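Chemist: First the structure, which I've put down as structure tokens, then a few questions once you've had a look.
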Amino acid sequence: MSEYLTVTVDGERVTAVPGQTVAALLIGLGRRSWRTTRGEGRPRGIFCGIGVCFDCLVVVNGEPDVRACRRRVADGDAIRVQHGAQTPS
């Protein structure tokens, strides 16, 4: 088993550590935001860090509204910035 995983973030290949959350990966890459709000397009990133709020939403493998602070990275994941929220309001 490799000690690193390979994922893509907005099309860029990066390495991750097994057990690392998507939020930790993004913060480690120097990203402070990875979602924009629905109405005004304001930047959002990690806020609570425990899965209670919805500020850290990303698209993972085509699935929107994934909480980056709760989702552990898996080898081959395709992670993308999310614009707004996809869930019904």
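A quick yes/no check of all residues on (1) part of a loop (DSSP other than H, G, I, E, B); (2) touching a residue at least 60 places away in the same chain (Cβ under 8 Å):
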{"residue": "23", "(1), (2)": "no, no"}
{"residue": "26", "(1), (2)": "no, no"}
{"residue": "46", "(1), (2)": "yes, no"}
{"residue": "55", "(1), (2)": "yes, no"}
{"residue": "70", "(1), (2)": "yes, no"}
{"residue": "76", "(1), (2)": "yes, yes"}
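Chemist: So, of the residues in the stretch 60-69 that are over 17 Å from residue 29 (Cα atoms) and out of contact with any Ser or Thr (no Cβ under 7 Å at 6 or more places or on another chain), which turns out to be surrounded by the fewest Cβ atoms within 10 Å (Cβ to Cβ)?
Modeler: 62
Chemist: Would you mind telling me which numbered condition in (1) open to solvent by 90 Å² or more (accessible area, probe 1.4 Å); (2) over 14 Å from residue 8 (Cβ atoms); (3) modelled with pLDDT of 95 or more; (4) not acidic (Asp, Glu) residue 80 fails?
Modeler: (2)
Chemist: Against the definition (at pLDDT 95 or above, of a type in the set (Asp, Glu) and either out of contact with any strand residue (DSSP E or B) (no Cβ under 8 Å at 6 or more places or on another chain) or open to solvent by 30 Å² or more (accessible area, probe 1.4 Å) (or both)), how does residue 12 come out, yes or no?
Modeler: yes
Chemist: A further question on this structure: Checking residue 44 against (1) modelled with pLDDT of 95 or more; (2) open to solvent by 30 Å² or more (accessible area, probe 1.4 Å): exactly one of these is not met. Which one?
Modeler: (1)
Chemist: Oh, and also: Looking at (1) open to solvent by 30 Å² or more (accessible area, probe 1.4 Å); (2) under 21 Å from residue 13 (Cα atoms); (3) of a type outside the set (A, V, I, L, M); (4) at pLDDT below 95, which is the only condition residue 35 fails?
Modeler: (1)
The values are calculated or read from the model by the stated rules, or taken from the named source; none is laboratory data. Note that the structure is a prediction, hence the values are computed from the model and not measured. Cβ coordinates were reconstructed from backbone atoms using ideal geometry, including for glycine residues, and neighbour counts include every protein chain displayed. Each accessible area value is taken on the protein alone, full model and side chains, heavy atoms only, with ligands, DNA and RNA left out. Shrake-Rupley method; radii C 1.70, N 1.55, O 1.52, S 1.80 Å.
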